[in-house]
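The values are calculated or read from the model by the stated rules, or taken from the named source; none is laboratory data. These numbers were taken from a predicted model, which means no experiment stands behind them. Glycine also receives a Cβ, built like all others from the backbone with ideal geometry; neighbour counts cover every protein chain displayed.
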Amino acid sequence: MRCIWIVILLSLFGISLFAQNIPDSVYERQGLERLMGMMNLKLTDLTFRDDYTNKDSFRLASVANLMRHPYGMIEFVELYKDTCLSLKPEPILNFVFEQMAKEGQTARGMMIDKSVGTETKRGMDLFYRSNEFNRLLRKVYHYLYNVIPPSSDSAFALLRPNEKKFLINQFRELLTEDTADEHRTPEQIDSIQNIEEEYTKQFVKFGAKIRKDFIIAAGMTTTIDLFREINLLTSDLRAQKADISRMLKDTVDLPSKSGIGEFLGRNKGWIIGGPKNDSYKGEYNFIIDFGGDDRYDLTYNPEKPHGTIIIDLSGNDIYNANSAYCIASGCMSAGLLFDMSGDDIYNGGSFSCASGYFGFGFLFDSSGHDKYYGDTHTQGAGTFGLGVLMDAGGNDIYSGALYAQGFGGPEGAGLIVDYTGNDSYIAGNKYKDVLRYEDHFLSLSQGFAYGFRPYMSGGIGAIIDFAGNDSYLSDIFAQGTSYWWSLGLIYDSGGNDQYISYQYAQGAATHMSLGVLLDQSGNDFYRGKGLMQGCGHDYSCAIMLDRNGNDIYHAYDLSQAAGSANGFGIQIDDRGDDAYYVMKKHNTQGFGDARRDFGSIGLFLDLNGTDKYDGNGGDNLIWKTPSKWGGGMDWELIKQDSIKAKGQ
Amino acid sequence: MIRNISLILLILASPVYSIFAVEGIPPEIIKKVDSLFIIASSGEVKYQKMVQPAIDSIAALGTPAVPRLIEKYDTQDARERLTINNILVKIGKLAVPYLLGALNLDNAEQVSRICYTLGEIRDSSAVSGIINVSDHYDWRVRSDCAGALGKIGDHLGDQTVLNLLLDTVETVRKSAAVSSGQLKMISSIPLLVYMLGDNFYGARLCASEALVKFGDAAVGAISDSLNSADTLLGNLGCTTLGLIGTDSAIIVLHAQIHSENPMRRIMSVEAMYLANNPLVCGFIELAQPHETDSTVLFYMNKIIDKYDSQ
């Protein structure tokens, strides 16, 4: 009898262990395969050709691969998130760099170090006597003068002078909008569009000669090395192994007639600030500030690209961009900013705050409740470059107008990784979407990626937010969305989040692209008008996946698992008692739109919980909509024991 | 082949081709079309009321506008493309000779769009010209050829559509499947049944829809395919039979509700639900007590509920 009890107990333990070991992705896949089977579909049907239009030479291999099996986006996002788990730039930058390889690219460009085997490597005159400080300064010097410039030269070596100028003049026009557009006549707008199309065609002729890898690799190496060095210095300061005042005062005596030689720390364009409140104005190569509430009024001349490194160790600082390409901005170069503590304000303007525009931009903010403001191409934005913004703590506000907050343009990647805090992401409110509405604004932000249809494929835009009750607010095109051979994604790990947008958002993809929104846990709220919440339009695939929590989904039309114009729209909710509301039943909750003589695919899946529907779906129901081809399944595929195992 | 050559010669000799190929488009026409076209293809919401009048104005120009529109058909802008199609369709049959004359352009995208528009115009005089480009190297042209032949509905295109059902590119097969249904080609039934197992969902599901149009004539061929090693083919066969919904289709389906494969039972019972044929009630009542699968039971209950009042 006792043996029977042991067997029963062991069995229960085994079941429990088994339940714990099944990843959510298995249930999701099982559910999807079951639903698709009932619709005479199979998972391998979710694929796209790559020759609906002529291929361009800017296509990223990772995007092209995912277009072949777009359901792999979920695995991709999880991999992305896992890479960002540790608060270190190295794995993140390496991962993103890997994803920026072009299709068919066999070798990647590396950074160029011109000091190897030359005199400059051997030594230089020192001004400060502190070994720790000099080690940091030597590294800064090395990267600013021996690594970044030659790498930048290599990146653009094949370009003619007029082509280089094109990048900072005409190409920039392609990424910027004008508020005056809303008042223009059709002829004026047509004329502007024709000019921009002409610019695009001109760029395409020489754009493939740009070898962005060199400058990105240089920026990455600089970031990784300096991050380590700064952490060592701050640890020493915290442990009182080093004293700031003594370190800054302990210098060599310079001769009265200086300028004969160059002393490390006294270089042109360098400033070393003390622990008090300081003010910096102008264009710099390097600033290190040891404390105080500082004010930075920065400028940058893109005609003369150079590396910029700013390190601020503490204080509530204000960073103002008085021109474009400031504040952790790499324009044909690399721009890095490390702010190690304080509640900071970043007034970025355009091409700022981790902007890699034909370059590399990196911003690390270690702690504090920070406010990031910007206009266009800001807050983790990359076009032919990489822009990464890491914020390790605090309740932060991110506010931008266009191409902001995890934006990936052609051959670009942009990323925000925010580790803790209740954060607000706001995008839009400046440039009207004159094409579609008289009263809505373009956002093109928040895990958004964009290509120039049909000339240039886009990149990868991402937000990875690990904790906190976050708010995502936008208008048109945002929140895990994409346009033309690109991938936009949001991963939000915890907290009760709210996602509000009007159109093309919350896991949406348009015109041969990929979009995904994955929210791991929390009682979340999703609201918008249409083409969202798992909506793929025109040979695109979009996935909206919410794994845990009691969630509320609101939409008006063409949402909640809607495939449009031969696209695929997938919405999956794993657990929780959820509520789904739609205004129009005819194109929501498992809808496929007939186009080009055949259908699209819309797949809706709820795997557990007592759910409420206002629409086509129902709790414990399987349904097909009168469309080509869509349906849904609310079925308890995730059993109660596995929910307990997940600690729900 | 001879027919093709003679047709090409006919087109080359035609005055239309001469006008199109040799003479330039009058500048005043270019100016007028271009000017109106900016409005006609405008996407901005605040100018929407002006769009249709602009389209109508270009269409009212008639054939003189067609060569310029064909020139513009190489656009990379989807909205412009759609506008050109709409105008050409509005001009209608008068545009067909010009469009046929442009089927030998080098730009494959342009040729495929012209095929699409010819299909939309639905003029049988275009069929021979379309057939001539049905073996074009670019699959987009072949796909739009197949689609156009179905829309026009002239049986001169039957053999071409049959050939395209076996195309190596799935999108072409899909278009041919749709056209087979539109042309109601009995000879296409075996190929359409085979296509129920196509790797491309578009081809598969369009083949099913085409077969539904044949009704009882397709039941035998589908019935023979139900035990195929490719279970997906058989499952879709069940759905197709359900949508055909005739008594003979239901009798074939009946055997499938006892399959050992639960998915096959789901598909056959669901097909019976779709059938709108009261014959299914008896079969379901007999099978339900022995059924254990919750999804199959779900559909069985749906059928019982559906016919409960009857």
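Descriptive notes on the structure:
- Residue among A:319, A:346, A:325, A:357 that is farther than 22 Å from residue A:270 by Cα, of a type outside the set (A, V, I, L, M, F, W, C) and at pLDDT 95 or above: A:357
- The range B:202-231: number of residues that are at the interface with another protein chain (Cβ under 9 Å from one of its Cβ atoms) and surrounded by fewer than 24 Cβ atoms within 10 Å (Cβ to Cβ): 1
- Residue among A:134, A:162, A:146, A:169 that alone is polar (S, T, N, Q) and in contact with a strand residue (DSSP E or B) (Cβ under 9 Å, 6 or more places away or on another chain): A:134
- Whenever a residue of the range B:293-310 is at negative phi, its partners that are surrounded by 11 or more Cβ atoms within 10 Å (Cβ to Cβ) and in a loop (DSSP other than H, G, I, E, B), lying with C-beta atoms within less than 7 angstrom and at least six residues away or across chains, give the pairs B:297/B:291; B:300/B:291; B:307/B:278; B:310/B:278.
- Residue in the range B:232-244 that is more than 12 Å from chain A (Cβ to nearest Cβ), of a type outside the set (A, V, I, L, M) and free of Cβ contacts under 8 Å to residues at least 60 places away in the same chain present: no
- Residue within the range A:109-118 that is at pLDDT 95 or above and either of a type in the set (Gly, Ala, Ser) or within 23 Å of residue A:361 (Cβ to Cβ) (or both) present: no
- Flag not set for residue A:602, criterion: more than 28 Å from the chain's Cα centre (by Cα), within 14 Å of another protein chain (Cβ to nearest Cβ) and buried (at least 24 other Cβ atoms within 10 Å of the Cβ).
- Extreme residue, surrounded by the fewest Cβ atoms within 10 Å (Cβ to Cβ), among residues of the range A:38-50 that are more than 8 Å from every other protein chain (Cβ to nearest Cβ) and of a type outside the set (A, V, I, L, M, F, W, C): A:50
- One residue stands out in the range A:453-491 among those that are surrounded by fewer than 24 Cβ atoms within 10 Å (Cβ to Cβ) and within 14 Å of another protein chain (Cβ to nearest Cβ): the one that is nearest to residue B:44 (Cα to Cα), namely A:453.
- Any pair with Cβ under 6 angstrom, 6 or more apart, that starts in the range B:38-59 at a residue that is closer than 17 Å to residue B:84 by Cβ and within 8 Å of chain A (Cβ to nearest Cβ) and ends at one that is crowded, with 20+ Cβ neighbours inside 10 Å and among the β-branched types (Val, Ile, Thr): none
- Residue A:632 falls short on exactly one of the conditions (1) part of a strand (DSSP E or B); (2) within 13 Å of chain B (Cβ to nearest Cβ); (3) of a type outside the set (S, T, N, Q), and that condition is (2).
- Selected residue (criterion: farthest from the other protein chains (Cβ to nearest Cβ)) from residues of the range A:433-445 that are more than 16 Å from residue A:529 (Cβ to Cβ) and crowded, with 24+ Cβ neighbours inside 10 Å: A:445
- The numbered conditions (1) in contact with a Ser or Thr (Cβ under 8 Å, 6 or more places away or on another chain); (2) among the small types (Gly, Ala, Ser); (3) more than 12 Å from every other protein chain (Cβ to nearest Cβ) are all true for residue B:143 except (3).
- Within this structure, residue B:304 passes the test of being more than 14 Å from every other protein chain (Cβ to nearest Cβ), part of a helix (DSSP H, G or I), β-branched (Val, Ile, Thr) and under 24 Å from residue A:632 (Cβ atoms).
- A count restricted to the range B:269-280 and to residues that are surrounded by fewer than 24 Cβ atoms within 10 Å (Cβ to Cβ) and in contact with a Phe, Trp or Tyr (Cβ under 7 Å, 6 or more places away or on another chain) stands at 2.
- Check on residue A:100, among the hydrophobic types (A, V, I, L, M, F, W, C), under 24 Å from the mean Cα position of the chain (by Cα) and surrounded by 13 or more Cβ atoms within 10 Å (Cβ to Cβ): yes
- Condition met for residue A:280 (assigned to a strand (DSSP E or B), free of Cβ contacts under 8 Å to residues at least 24 places away in the same chain and in contact with a Phe, Trp or Tyr (Cβ under 9 Å, 6 or more places away or on another chain)): yes
- For the range A:300-320, the set of residues classified as out of contact with any Leu (no Cβ under 6 Å at 6 or more places or on another chain) and in contact (Cβ under 8 Å) with a residue 40 or more places away in the chain consists of A:302, A:303, A:305, A:306, A:311, A:313, A:316, listed by residue number.
- Among the residues of the range A:48-63, those identified as in contact with a strand residue (DSSP E or B) (Cβ under 9 Å, 6 or more places away or on another chain), in a loop (DSSP other than H, G, I, E, B) and not hydrophobic (A, V, I, L, M, F, W, C) are A:56, A:57, A:59.
- Residue match in the range A:287-307 (condition: on the phi > 0 side of the Ramachandran plot and part of a strand (DSSP E or B)): no
- Neighbours by Cβ (under 9 Å, 6+ apart or cross-chain): first from the range B:103-115, on the phi > 0 side of the Ramachandran plot; second part of a helix (DSSP H, G or I): none
- Qualifying residue in the range A:567-581 (condition: within 13 Å of chain B (Cβ to nearest Cβ), crowded, with 23+ Cβ neighbours inside 10 Å, farther than 19 Å from residue A:523 by Cα and at pLDDT 95 or above): yes
- Verdict on residue A:182 being in contact with a strand residue (DSSP E or B) (Cβ under 9 Å, 6 or more places away or on another chain) and modelled with pLDDT under 95: yes
- Per the conditions (1) of a type outside the set (A, V, I, L, M); (2) out of contact with any Phe, Trp or Tyr (no Cβ under 6 Å at 6 or more places or on another chain); (3) within 14 Å of another protein chain (Cβ to nearest Cβ), the sole criterion not satisfied by residue B:110 is (2).
- Single residue of the range B:256-268 satisfying the filter (touching a residue at least 12 places away in the same chain (Cβ under 8 Å) and away from chain A (no Cβ under 11 Å)) that is surrounded by the fewest Cβ atoms within 10 Å (Cβ to Cβ): B:258
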